[in-house]
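Presented below is the structure to which this report refers.
The values are calculated or read from the model by the stated rules, or taken from the named source; none is laboratory data. Being a predicted model, the structure only gives us computed values, none of them experimental. Here the Cβ positions follow ideal geometry from the backbone for every residue, glycine too, while neighbour counts run over all protein chains shown.
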Amino acid sequence: MGLFLLWFFFGVGLIIQVIYLLVIFGRTAFSKPSKATNNPSKEEAVTILVSAHNEFKNLKTLIPKLFEQDYPNYEVLIVNDRSTDRTKRLLEEMMAIYPKLRSVTIKYTPNHVTAKKFAMTLGIKVTKNDIILLTDADCRPNSNQWVRKITAPVRENNKTFALGYSGYEKEKGFLNSWIQYETLLTVLYYFSFGLWKAPFMGVGRNLCYRRSFFMEVKAFKDLWHIEGGDDDLFVNKYATGRNTAVVLDPESNTTSIPKKTVKEYLVQKKRHLHAGKYYRSEDKQKIGFFTLSHALFWLGGLGLMIYFGIDKSWEHFSIVFGIILLRSVIMVAVFSSSSKKIQGTKAPKNIWILDFLYLGYFWVLGTISHQAKDIQWK
């Protein structure tokens, strides 16, 4: 009976994994890049919105970068959220240099709302333009075409949401390799389902939508009490196959500064994973089927190899090992192709090892995040 269950888990896990890798993730891996026209009649005004709390150093680098964009009609609005560093003075100095830079200052956050959502809502209310492009203070546009490319679906194709990719700077060390892998897997989830007309999340480091829609649905109604989720939960609640587009173009990306320590990274990921508990049931299943089948595949496969190794049934051992190796080859190929399409770069090295380690990461950290009550932004 035990051997039968191991084969059953291994087989079911393998089938679902292959479907995800080749059919679902394959949608990203084998898609053509997104296209944006240079039609002057559709160069609608854009507001780049950044919420910042004690981000003096990052804003000092980011603001000049934002004004290098090759787009004729945009403003930059920085929401100075309760900062106690030199952010206010920096913004005053920068506004003297860049006429299209504006700022709004928040001195306190009401008790009944979360800080990030309050800052964003106030910022969006005072923007001059209907197209809102969100990013974070520690992000950098990958090209001077960022505004044009990421806003194209909203400007040119009447979409409400445009979902973009935001990666992390590549550095040496295992933690950074892990960050690169986990970020790539995350974007494969939401890009692939978005391309299948079933969007369920986006990231606020690179997200575009219309102010009019935001105000129409009464901002973050029913989401105020949740720390985080100003991006993925908002998209999860309102994005559909008709009103949402994925922008698959390295020039439309942003790059963020990665966490330097395991502790900082875990705090960040706990906040991200915590928001997932509020997704719609059908959207939880999109991630759940992959992670469950991933666990079944690896646990069943390792269990079978241990069993056949002890039994010295090397023929069966070789069959199981060969299947695991084949699945790893497919996974590496799909991830590598996807990384090239999304980022224009290679996938992380030793990705098959990182894939195996994901087995423990998701189930342990995911469980902790789901039950956490100490989630906060800043």
Item to complete: Inspect all residues belonging to segment 352-360 and state whether any of them is surrounded by 20 or more Cβ atoms within 10 Å (Cβ to Cβ) and either among the basic types (Lys, Arg) or not assigned by TED's automatic domain parsing to the domain that holds Leu175 (or both).
Response: yes
Worksheet item: Looking at segment 168-197, which of the residues that are among the small types (Gly, Ala, Ser) and modelled with pLDDT under 95 is surrounded by the most Cβ atoms within 10 Å (Cβ to Cβ)?
Response: Ser177
Discussion item. One residue is enough: does segment 283-290 have a residue meeting the conditions over 17 Å from Val187 (Cα atoms) and surrounded by fewer than 19 Cβ atoms within 10 Å (Cβ to Cβ)?
Written reply: no
Discussion item. Step by step: first the residues of segment 198-211, then only those that are surrounded by fewer than 24 Cβ atoms within 10 Å (Cβ to Cβ) and more than 13 Å from the chain's Cα centre (by Cα), then the one that is nearest to Lys170 (Cα to Cα). Which residue is that?
Written reply: Ala198
Worksheet item: Pick from segment 229-249 the residues that are of a type in the set (Asp, Glu) and closer than 26 Å to Ala119 by Cα: which of them is farthest from the chain's Cα centre (by Cα)?
Response: Asp230
Worksheet, complete the sentence: Gln343 vs (1) in contact with a strand residue (DSSP E or B) (Cβ under 8 Å, 6 or more places away or on another chain); (2) modelled with pLDDT of 95 or more; (3) of a type outside the set (A, V, I, L, M, F, W, C): all pass except (2)
Worksheet item: How many residues, within segment 1-52, are assigned to a loop (DSSP other than H, G, I, E, B) and over 21 Å from Tyr307 (Cβ atoms)?
Response: 14
Worksheet item: What are the pairs, 6+ residues apart or on separate chains, where a residue within segment 194-221 that is more than 27 Å from Gly167 (Cβ to Cβ) has its Cβ under 7 Å from a residue that is of a type in the set (A, V, I, L, M, F, W, C) and not in a helix (DSSP H, G or I)?
Response: none
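This table checks each residue for (1) in a helix (DSSP H, G or I); (2) within 19 Å of Val12 (Cβ to Cβ); (3) modelled with pLDDT of 95 or more; (4) touching a Cys at 6+ places or on another chain (Cβ under 7 Å).
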| residue | (1), (2), (3), (4) |
| --- | --- |
| Ala275 | yes, no, no, no |
| Ser293 | yes, yes, yes, no |
| Phe297 | yes, yes, yes, no |
| Gly301 | yes, yes, yes, no |
| Leu304 | yes, yes, yes, no |
| Pro348 | no, no, no, no |
| Trp352 | yes, no, no, no |
